[in-house]
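The values are calculated or read from the model by the stated rules, or taken from the named source; none is laboratory data. Note that the coordinates shown come from a computational prediction; the quantities given were computed from them, not determined experimentally. When we count neighbours, we look across all protein chains shown, and the Cβ atoms used for this are built from the backbone with ideal geometry, even at glycine. Remember, those area values only see protein heavy atoms, side chains included, never the ligands or the DNA or RNA. Shrake-Rupley method; radii C 1.70, N 1.55, O 1.52, S 1.80 Å.
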Amino acid sequence: MPGVCYICAMFIRQVKKQRSKNSKVFYQYTLAQTSRIEGKVKQRAVLYLGSEKLLEDKENRKKVLAILKSKIFKQPELFPQDVSEEIKGLALRYYQKYCIRYGQGAENPTTFPPPAQKAEFHNIDVKGLEVEQVREYGAEHLCKQTLEKLKLGACFRSLGMSEDQTKRALISITGRAVWSVSEYKMSQILETNSELSALYNYDKKISHKQLYAVSGLLYRHKAKIDKYLYGRITDMFEIRDRLVIFDVSNTYFETGKPQSSIAKYGRSKEKRDDCPVVVFTGVINPQGFIRHSRIYEGNKGDVATLAEMLKDLESHSTGSREHTVVIDAGVATDENLEMLDKKGYKYVCVSRKRIKDYSLSHTGPAVIKLTGRESNEVKLSIFRPEGYKDTWMYVESEAKRKKETAMNIKLTERFEQDLLSIKSSLSKKGGAKLINKVWERIGRARERHNRASARYKIKVDEKDGKATGLSWTITENKTKDDKVRGVYFIRTNYEKIEEERLWDIYNTIREVEATFRSLKSDLRIRPVHHQKDQRIEAHLYLTMLAYQLVNTIRYMLKQNNINYDWKNIVRIMMSQKIQTIKLPTDKKTIYIRKPSSPIKQVREIYDAAGCKHTQPAVKKYVVYH
């Protein structure tokens, strides 16, 4: 049977209470709202107000109700002129209780009818109401609005891309950020699961071949897109661009690539030396944004990539070379550091070398820093070792000491277990006793445990060509001892710099680690399944563009103290769906396309990113009976 619902006024309900016949009478109060459904009036409790004595007076109840309604419905605060501070305070306390229960930014659980001229009433068959075409909406809507802030569509059009190509490019970048799947799988998701194409008013089916083509088109314009995008990001967030972080990583292929000119066997960061790899480098700022990137053959050495990075840095920079370059130990050879110094750049890096003889006696007391939520101590002391022109800083890390000590104990225990096994066999029947065989076993044990065995001096007692005893001692090694104590060194060509400042500069390299971790884990840049070199390069570059989108969103959220990782952001945003609602009336059937109301966490993310929560409902079509 058709039913129509009309929302009526709010009121404060008074209920008389008495615990027993002889007990005192008291009153309880509830903020309630009435509604009329199919001719029947129903009441709904909104908020329990307790047994406040002030509410026994009817006039006081009217005043409290007036203040509550003005607050709840966001109306002007037109308090009665004769309201006392006591009544006003009581009403505001009730409103705070209301906010705690329903959330300050939540949709009001109470409603009131719209003005007659804006309302549209129909007799609805409730039993015939249906929800159709439910799609994912929240994450796509957030990414679309962020790309609009970056004005990336305008950049693509300026490069000569058509309107359809521009839309497919933006859809492809968003798809890589949200789902991180193959082009074939993305084509299926766009068709059946996501509202992304509709958000761009793109009503054609997008095939995986079209996605391949648009990623290749983006890679061909890589230099111009990178320059525009980084400039737009620094303008948006007013980033002062003086510190750059350079690092190298790689990604692997599950199958051999004999026809590829860039997939080569090399040292895999993921310890997948059985797979061909491709190397990619990133020049990243302290906020985690990629300034520019390059792709190299898999057997390219880390140290050989710095020169080309500097060329890219010079071509993308304006003005003087007032940049500080932060690099890790894998790139920081003496030749590379000398090149940076000659070109006028300041550098900060971890030393590849461990100094055996050094003295900190001429320096002042060590500076103590607390890291890891202030649970680990780091001692810092600047000094200048003999034979070096640059400045060094001694770093003794408690966290690193704990890690290295645990690893050292584990490694030495394993090696000594093998030595004890060899020693026990000397007294067992059938055990290896020939001196040559014993030394062979010792050699194999040394090879298996090469990280621990170098410090062991082993002695084998011999009689008549047979081993009769086995003993060992551990030699001192200041370099190894320093490592176990958590000691390492930071180098820089800053002549006068304080320990805390140098430590803060060096720790920006954590942004590189976070960037590559996001690329590999969140955006699944590895493994690569493409066969052709141009598609391999296009895949890597598309992932880089998706990362810029992800980091833009996360940077805006961090500025508002929201520190979710990207997977968590996507999970939360996916709670918002869009659906078509079928409303059968007595005269026609109405179809409305409308997003669901965002939950509290989704609204917080939208607000932090400066984005709209939803889009207006669209009456798709009406079918008359």
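So which residues in the range 254-280 are over 27 Å from Val214 (Cα atoms), touching a Ser or Thr at 6+ places or on another chain (Cβ under 8 Å) and crowded, with 18+ Cβ neighbours inside 10 Å, if there are any at all? Cys275 - this is the single residue of the range 254-280 that is over 27 Å from Val214 (Cα atoms), touching a Ser or Thr at 6+ places or on another chain (Cβ under 8 Å) and crowded, with 18+ Cβ neighbours inside 10 Å. Scanning the range 560-581 finds no residues that are over 25 Å from Ala329 (Cα atoms), part of a helix (DSSP H, G or I), in contact (Cβ under 8 Å) with a residue 24 or more places away in the chain and among the acidic types (Asp, Glu). Could you list, in sequence order, all residues of the range 226-262 that are closer than 25 Å to Gly298 by Cα and of a type in the set (A, V, I, L, M)? Once the filter is applied, which keeps residues that are closer than 25 Å to Gly298 by Cα and of a type in the set (A, V, I, L, M), the range 226-262 yields Val244, Ile245, Val248, Ile262. Note on the range 563-622: residues that are within 20 Å of Thr146 (Cβ to Cβ) and in contact with a His (Cβ under 7 Å, 6 or more places away or on another chain) amount to 3.
Candidates in the range 404-433 are the residues that are of a type in the set (Asp, Glu) and either closer than 19 Å to Ile458 by Cα or not in a helix (DSSP H, G or I) (or both); of these, the one that is most open to solvent (accessible area, probe 1.4 Å) is Glu413.
Residue-wise test of (1) on the phi < 0 side of the Ramachandran plot; (2) at pLDDT below 85; (3) surrounded by fewer than 19 Cβ atoms within 10 Å (Cβ to Cβ); (4) in contact with a helix residue (DSSP H, G or I) (Cβ under 7 Å, 6 or more places away or on another chain).
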{"residue": "Gly282", "(1), (2), (3), (4)": "yes, no, no, yes"}
{"residue": "Arg294", "(1), (2), (3), (4)": "yes, no, yes, yes"}
{"residue": "Leu313", "(1), (2), (3), (4)": "yes, yes, no, no"}
{"residue": "Asp334", "(1), (2), (3), (4)": "yes, no, yes, no"}
{"residue": "Leu337", "(1), (2), (3), (4)": "yes, no, no, no"}
{"residue": "Val367", "(1), (2), (3), (4)": "yes, yes, yes, yes"}
{"residue": "Gly372", "(1), (2), (3), (4)": "no, yes, yes, yes"}
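A single member of Glu183, Glu195 is surrounded by 22 or more Cβ atoms within 10 Å (Cβ to Cβ) and touching a Pro at 6+ places or on another chain (Cβ under 9 Å), and it is Glu195. Residues that are open to solvent by less than 30 Å² (accessible area, probe 1.4 Å): which helices (runs of 4 or more DSSP H) entirely in the range 452-540 hold 3 or more of them? The qualifying helices (runs of 4 or more DSSP H) are 499-506, 509-517. Within the range 240-253, can one find any residue that is open to solvent by 40 Å² or more (accessible area, probe 1.4 Å) and within 30 Å of Lys311 (Cβ to Cβ)? Within the range 240-253, one or more residues are open to solvent by 40 Å² or more (accessible area, probe 1.4 Å) and within 30 Å of Lys311 (Cβ to Cβ). Scanning the range 549-559 for residues that are surrounded by fewer than 17 Cβ atoms within 10 Å (Cβ to Cβ) and either without any contact (Cβ under 8 Å) to a residue 24 or more places away in the chain or within 8 Å of the chain's Cα centre (by Cα) (or both) returns a single hit, Lys558. Arg384 passes every criterion in (1) under 30 Å from Arg510 (Cβ atoms); (2) of a type outside the set (Gly, Ala, Ser); (3) open to solvent by 90 Å² or more (accessible area, probe 1.4 Å); (4) touching a residue at least 24 places away in the same chain (Cβ under 8 Å) apart from (4).
Checked against (1) part of a helix (DSSP H, G or I); (2) over 24 Å from His221 (Cβ atoms); (3) of a type in the set (D, E, K, R), Glu308 passes all but a single condition, namely (2).
Yes or no, residue by residue, for (1) surrounded by fewer than 12 Cβ atoms within 10 Å (Cβ to Cβ); (2) part of a helix (DSSP H, G or I); (3) among the polar types (S, T, N, Q); (4) modelled with pLDDT of 85 or more:
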| site | (1), (2), (3), (4) |
| --- | --- |
| Cys8 | no, no, no, no |
| Ile12 | no, no, no, yes |
| Asn22 | yes, no, yes, no |
| Arg61 | no, yes, no, yes |
| Leu68 | no, yes, no, yes |
| Lys71 | no, yes, no, no |
| Lys97 | no, yes, no, yes |
| Arg101 | no, yes, no, no |
| Thr110 | no, no, yes, no |
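Pairing residues of the range 513-525 that are closer than 19 Å to Arg535 by Cβ with residues that are hydroxyl-bearing (Ser, Thr, Tyr) and open to solvent by less than 30 Å² (accessible area, probe 1.4 Å), at Cβ distances under 7 Å and at least 6 apart in sequence or on separate chains, gives Leu519/Thr543; Leu519/Tyr547; Leu523/Ser180; Leu523/Thr543; Leu523/Tyr547; Arg524/Ser180; Ile525/Thr251; Ile525/Thr543.
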